[in-house]
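Below is one structure, written out as structure tokens; comments come after it.
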Protein chains: 4
Amino acid sequence: MIHNKLAVCVIGAGRAGMIHAVNFAKHVPDALLAAVVDTQEEAARAAAEKLDIAHYYSSCAHALMDDRIDAYVVVSPTKYHMETVKAIAEAGKHILCEKPMAMTEEECEEMIRVCRQHKVKLQLGFMRRFDESFRQAKNMVDYGEIGEVVMVRSNTRGPSIPRPWMYDIRKSNGPLAEVNSHDIDTMRWFTGSEFQTLYAVGGNYRCPDAREQFPEFYDNVVMAASFANGMQGMLDGAQGVGYAYDAKVEILGTKGAISLGSVKGNDVVLCSSASQRGSYPLVESWRTLFKDAYLKEDRAFIDCILQDKEPAVTGIDGKMAVKVVNAGNISIMEKRMVTL
Amino acid sequence: MIHNKLAVCVIGAGRAGMIHAVNFAKHVPDALLAAVVDTQEEAARAAAEKLDIAHYYSSCAHALMDDRIDAYVVVSPTKYHMETVKAIAEAGKHILCEKPMAMTEEECEEMIRVCRQHKVKLQLGFMRRFDESFRQAKNMVDYGEIGEVVMVRSNTRGPSIPRPWMYDIRKSNGPLAEVNSHDIDTMRWFTGSEFQTLYAVGGNYRCPDAREQFPEFYDNVVMAASFANGMQGMLDGAQGVGYAYDAKVEILGTKGAISLGSVKGNDVVLCSSASQRGSYPLVESWRTLFKDAYLKEDRAFIDCILQDKEPAVTGIDGKMAVKVVNAGNISIMEKRMVTL
Amino acid sequence: MIHNKLAVCVIGAGRAGMIHAVNFAKHVPDALLAAVVDTQEEAARAAAEKLDIAHYYSSCAHALMDDRIDAYVVVSPTKYHMETVKAIAEAGKHILCEKPMAMTEEECEEMIRVCRQHKVKLQLGFMRRFDESFRQAKNMVDYGEIGEVVMVRSNTRGPSIPRPWMYDIRKSNGPLAEVNSHDIDTMRWFTGSEFQTLYAVGGNYRCPDAREQFPEFYDNVVMAASFANGMQGMLDGAQGVGYAYDAKVEILGTKGAISLGSVKGNDVVLCSSASQRGSYPLVESWRTLFKDAYLKEDRAFIDCILQDKEPAVTGIDGKMAVKVVNAGNISIMEKRMVTL
Amino acid sequence: MIHNKLAVCVIGAGRAGMIHAVNFAKHVPDALLAAVVDTQEEAARAAAEKLDIAHYYSSCAHALMDDRIDAYVVVSPTKYHMETVKAIAEAGKHILCEKPMAMTEEECEEMIRVCRQHKVKLQLGFMRRFDESFRQAKNMVDYGEIGEVVMVRSNTRGPSIPRPWMYDIRKSNGPLAEVNSHDIDTMRWFTGSEFQTLYAVGGNYRCPDAREQFPEFYDNVVMAASFANGMQGMLDGAQGVGYAYDAKVEILGTKGAISLGSVKGNDVVLCSSASQRGSYPLVESWRTLFKDAYLKEDRAFIDCILQDKEPAVTGIDGKMAVKVVNAGNISIMEKRMVTL
């Protein structure tokens, strides 16, 4: 604790890392930002300067030796999550881990085990659960406004082209992991159940440079699924769509339906006699769309530490998403239905 | 009556006239189209052929001698309305008269008087009252869903450029008559009251060829008004906007608000990565937007004749709109508030 | 031909049958309605009276003996389609056949064969292809406005509860046939390709009375699919959703996306201080939503006969949809991915 | 300057004051919040505590003696604006003054004169000019996307009931000042011109307790106006509408139209079979709708001081809005058109 505030260190100074860092630096009342870590020392230094903080590290090992720190936010590449989380837990510090939790279900289980053993909090970064519109929808479902849930359909389509490190699906887990982890969690959250069977189709439509060397790579995916409690699910995901950040959910119930999200950006509509069409701007990025959700997530993390309560999104939630991602990738690669 | 159906004759084979003609020819069960009239004989002949009917006339006088006909729809230019309606009434036949009813309040009163004297029906062509969405809004108001009405705001903006015969406002009554008669009726309908004071501003923004010779001509108008029962009104009108047929209404009450209409055409939304904007088609014309309303209006006209009941929109409604148009034009030309 | 017009007979006087009947009776210029058929004689008689026509029959056999008739619209239950269509073709008359085309792929092939042999037109009733917004979307796709198509997602959810004759999926082919035939055709149309693999999940959520006796019955279905040309597809279908007729399509391309359809009915928005929510009416029925599409379909049918050209929607289109329906039902029942 | 940052003091710890205070305390990089002032000492103390700052004052006089402070934000009641702004200017400090600028045009002129004399910045609080959607619309207009501007229509309707201190219009200037100052500025901004004539209608529909003692009070107003450059304007304002914070603008041009704003809140749409209507939440408050605009306004204020440039919104802008408010109130009270 520093000045009676929980001292947080963010590991990974990329775009998502900086969102968390700014939140803890300025907008979470009971927390402060104590340090940032990036394995590229220059990136770490630049981030610290931008955030107006004194401490930065180029390795987790060094950050873990900083006794002032109470909690770590893990925003490093997924393949390092397990070792990083284990080291933090063994140091007795709390963890907010970005999605995807890890590369395999086994890694997730190991992370959960070690955190339990060392009695530290482990919260997963499914920030959509903190978004105001998702919460309102969840309340509507819980209050029975659409009867019993029948089907959940969720899609996330990102505007930017996948980076080459994603091309090897066996190492990156692909768009299902990087983009659709959120949809998978949303489907679990609204059905209140676990995936039972699924079938996914993937294809590479926008990355010709990956085709020869990485024939398994896909930048677009559709999936149909059944859940253990008999409900149904659909998911689609895309990278490089260009036009917008397009995240939408529909929840169909026995007595109604809820639809969440839209590609419409701020409300400027232009009607033109040149085109005889009306037009409006589109949502540019997850960073603008879910800005408040990230903040609420970070505040919830601090609260669960201070009040010693279970995180709202646990390691189990992280593990189940990884399990579905892997099953989805198997379905795509082996062109078959998978039972979980 | 022909074959037990009310025989209708449409006077005026322009766009609005043809809508009525097609309706009576095909879609009004208890009516049939017996003849069309157009002072341009060729237009009358072509219309009859298109409508697949045998009779057409190039003058009202001839049409009035056709004994088979029970009712006339007057869609000729406004300046001929009074003489035409009077002649029809004196022949003992019923009348559906398009808006605007006439050029002056006095003409309207004379038309009402003669129709009453000869006990014929006189229905005015404010077809928006028959539009499904307007009716739903009226029901909401009547059932108190927005409390007491406070203010009605109505606008109509047409895509097409005014034709030169409108340039002389003193002869044509201008856009307030040709375009905004509907808004005036809508405001009267939803307030349930009469205009008391008004102030209107007009200007010519799109018709440079009219500026020198017709300095009083306006193609855009705004108006603020008070009603006898203390409610408020706003109106705006335009010709030649190009982008769409833009007719919208807002009704503000003490406990809520209703909004009616939109420029959005059929639901095809295009999101493009080229422009990063979403776009949708716009409503093209009053003919598509109010197609069903015209049909319901025509059916209501036949019903009021067959069941000998008062038309839903009377000569009084026509007269009050003309009165407001004239007051509006005086306000624009003399740049002053007018008390009605 | 009667009076130089193609004489049409509608077989089946239910809701969809009456839409076609009214169209041919009143709204298709080169056609007239010569007769209606319904195996319930009383229904046939009532329909003829309502349509103001003199001839009705209680069997196809009798209708086929009416020499005046040039073309038949088959709107009878699906299981009778093959025998009816074959009899019409053998009589040398043209056929507009409602969807689903038949119960099995083999039946479809037989129907196509016989129609070819007798050189009669066979048009399938996928009227969405004639809907103005679908056509606009197709044009956008064809003109490359969204680049290459990547994925098509289509859903149809009907408000009304399935009728008991649908409960036995092996006899009725279920909601995939009755509701989603349209989505299947839409996906084929926009991908320009055929289904290759699919996986579907079905469940019965709203029809408790069917559960015991018809455990295979489903009233909700989700499906993921791949196409022969590598594109992807998603579909969901429902019966008895209650809230609206909810038919929407998204077409995702490499350079943009198109979204088609909405549950929003006519534009009356109510904002209320009681609920602090805005609300709008929902689309009630396919009959209102696709009213114009049915009319254009019927006109296209007459045109293809008069101009002796290929129908816009052929027996092949009908057969392929049946094939997908059957594959989908197998996928649901055997809980496995199916390769077509 | 404190720690190389501009030290700002906020005068008035109400809702709008706290928005500015939080902005300067946390979100404006080159500024810090040095103190807050409220004449109710307890309110000042509570605000300082909440903002985590050490200094608060219960009078402007004391705040002006705090040498550390570089700039003051005036959010006190309008009637104190002139004396406060003059005192600050005479102390040589910069001023961000909330709208309405003052009670009369003469007061505004005096404020402008004194600020010029003492060479201090005077920025007016029309924060909508900093809102992202307003800026986009302004850019569209400036780039000619709708041709030449013809008409600007702006409305602001607030959900909450007027407080009794507003009842005496001669002292409070009423809703035109408190609510519609923003619309007046928006109309000036988009027309690039000044009001020339106007006619306004006011009425009291929601405050029965004010009727007897304050017959001139209005809680709803409509206005039509002409501008010096020949453009047209419409405005409507309301207090106590209950359903939402409803601020919308339409800009009609010779080649198109722009519409700005909507009452739709975050994107959760509920379709229910109980009501067969879809519904969405409504915007609750100007505080949520214009949260970012306030922040950008505050940043712009600091920038104009540091870079010694003219504020984006000047005292002239403030004065012209006051002039229109007063003309509007005269129009309402004397029931006549007013020429400015």
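The values are calculated or read from the model by the stated rules, or taken from the named source; none is laboratory data. Bear in mind the structure is a predicted one, so any value in this text is a computation, not a measurement. In this analysis, Cβ positions are derived from the backbone assuming ideal geometry, glycine residues included, and neighbour counts consider all displayed protein chains.
Determine whether C:Ala238 is crowded, with 23+ Cβ neighbours inside 10 Å, assigned by TED's automatic domain parsing to the domain that holds C:Asn329, aliphatic (A, V, I, L, M) and in contact (Cβ under 8 Å) with a residue 24 or more places away in the chain. The answer is yes for C:Ala238. Restricting B:Thr186, B:Thr191, B:Thr197 to residues that are crowded, with 19+ Cβ neighbours inside 10 Å, under 21 Å from B:Glu98 (Cβ atoms) and among the polar types (S, T, N, Q) narrows the list to B:Thr186. Criterion first (buried (at least 21 other Cβ atoms within 10 Å of the Cβ), polar (S, T, N, Q), farther than 19 Å from B:Asp236 by Cα and at pLDDT below 95) does D:Ser259 satisfy it? No: the conditions fail for D:Ser259. Taking the conditions exactly as written (among the β-branched types (Val, Ile, Thr), touching a strand residue (DSSP E or B) at 6+ places or on another chain (Cβ under 7 Å) and closer than 21 Å to D:Val325 by Cα), does D:Val74 satisfy them or not? Judged against the criteria, D:Val74 is a match.
Within region D:150-162, identify whether any single residue is within 14 Å of chain B (Cβ to nearest Cβ) and more than 20 Å from the chain's Cα centre (by Cα), and answer yes or no. So far as region D:150-162 goes, yes, one or more of its residues are within 14 Å of chain B (Cβ to nearest Cβ) and more than 20 Å from the chain's Cα centre (by Cα). Among the residues of region A:192-205, those that are within 12 Å of chain C (Cβ to nearest Cβ) and under 23 Å from the mean Cα position of the chain (by Cα) comprise A:Phe195, A:Gln196, A:Thr197, A:Leu198, A:Tyr199, A:Ala200, A:Val201, A:Gly202, A:Gly203, A:Asn204.
Among the residues of region C:140-169, count how many are closer than 27 Å to C:Met231 by Cα, polar (S, T, N, Q) and modelled with pLDDT under 95. Selection size over region C:140-169: 0. Residues considered: C:Lys296, C:Lys291. Of these, the only one that is buried (at least 19 other Cβ atoms within 10 Å of the Cβ) and either within 10 Å of another protein chain (Cβ to nearest Cβ) or more than 27 Å from B:Ala257 (Cα to Cα) (or both) is C:Lys296. Looking across region A:1-39, just one residue is on the phi > 0 side of the Ramachandran plot and buried (at least 17 other Cβ atoms within 10 Å of the Cβ), and that is A:Gly12. Highlighted here are the strands (runs of 3 or more DSSP E) found entirely within region A:255-334 that include at least 3 residues which are closer than 30 Å to B:Ser285 by Cβ and touching a Gly at 6+ places or on another chain (Cβ under 6 Å): A:268-272. Applying the condition of being among the polar types (S, T, N, Q) and farther than 24 Å from B:Ala312 by Cβ to region B:50-79 and asking which residue is surrounded by the fewest Cβ atoms within 10 Å (Cβ to Cβ) yields B:Ser59. Going through region C:257-270 one residue at a time, which ones are without any contact (Cβ under 8 Å) to a residue 12 or more places away in the chain and either of a type in the set (A, V, I, L, M) or at the interface with chain D (Cβ under 7 Å from one of its Cβ atoms) (or both)? Selection gives C:Val269, C:Leu270. In region D:93-121, the residues that are more than 23 Å from D:Ile330 (Cα to Cα) form Cβ pairs under 6 Å with partners that are hydroxyl-bearing (Ser, Thr, Tyr), at six or more places apart or across chains, as follows: D:Lys93/D:Tyr72; D:Ile95/D:Tyr72. Within region A:86-145, being charged (D, E, K, R), more than 20 Å from A:Leu289 (Cβ to Cβ) and more than 14 Å from chain D (Cβ to nearest Cβ) holds for A:Lys86, A:Glu90, A:Lys93, A:Glu105, A:Glu106, A:Glu107, A:Glu109, A:Glu110, A:Arg113, A:Arg116, A:Lys119, A:Lys121.
Please verify whether region A:249-256 includes one or more residues that are more than 12 Å from every other protein chain (Cβ to nearest Cβ), among the hydrophobic types (A, V, I, L, M, F, W, C) and out of contact with any Ser or Thr (no Cβ under 7 Å at 6 or more places or on another chain). There is no residue in region A:249-256 that is more than 12 Å from every other protein chain (Cβ to nearest Cβ), among the hydrophobic types (A, V, I, L, M, F, W, C) and out of contact with any Ser or Thr (no Cβ under 7 Å at 6 or more places or on another chain).
The residue list B:Tyr243, B:Tyr280 contains one member that is closer than 27 Å to C:Arg128 by Cα and of a type in the set (Ser, Thr, Tyr), which is B:Tyr280.
Residues in region B:167-183 that are more than 23 Å from D:Met234 (Cα to Cα) and either under 13 Å from the mean Cα position of the chain (by Cα) or buried (at least 22 other Cβ atoms within 10 Å of the Cβ) (or both): B:Ser172 alone.
Among the residues of region C:299-317, is any of a type in the set (Lys, Arg) and either crowded, with 20+ Cβ neighbours inside 10 Å or farther than 25 Å from C:Leu122 by Cβ (or both)? No: region C:299-317 contains no residue that is of a type in the set (Lys, Arg) and either crowded, with 20+ Cβ neighbours inside 10 Å or farther than 25 Å from C:Leu122 by Cβ (or both). Quick check: is even one residue across region B:215-222 among the polar types (S, T, N, Q), touching a residue at least 40 places away in the same chain (Cβ under 8 Å), within 14 Å of another protein chain (Cβ to nearest Cβ) and farther than 18 Å from B:Thr78 by Cβ? Checked against the condition, which is being among the polar types (S, T, N, Q), touching a residue at least 40 places away in the same chain (Cβ under 8 Å), within 14 Å of another protein chain (Cβ to nearest Cβ) and farther than 18 Å from B:Thr78 by Cβ, region B:215-222 yields at least one hit. Criterion applied to A:Ser331, A:Ser279, A:Ser273 was being farther than 30 Å from A:Arg206 by Cβ, in contact with a strand residue (DSSP E or B) (Cβ under 6 Å, 6 or more places away or on another chain) and either touching a residue at least 60 places away in the same chain (Cβ under 8 Å) or at the interface with another protein chain (Cβ under 7 Å from one of its Cβ atoms) (or both), and the one residue passing it is A:Ser273. Restricted to region A:252-293, and to residues that are hydrophobic (A, V, I, L, M, F, W, C) and under 23 Å from A:Leu124 (Cα atoms), which residue is farthest from the chain's Cα centre (by Cα)? Result: A:Leu260. Listed by first and then second residue, the pairs linking a residue in region B:18-38 that is of a type in the set (S, T, N, Q) to a residue that is surrounded by fewer than 24 Cβ atoms within 10 Å (Cβ to Cβ) and modelled with pLDDT under 95, with Cβ atoms under 6 Å apart and 6 or more places separating them unless they lie on different chains, are B:Asn23/B:Leu295. Annotation note: of D:Met127, D:Met103, D:Met82, the sole residue that is surrounded by 15 or more Cβ atoms within 10 Å (Cβ to Cβ) and touching a Lys or Arg at 6+ places or on another chain (Cβ under 7 Å) is D:Met103.
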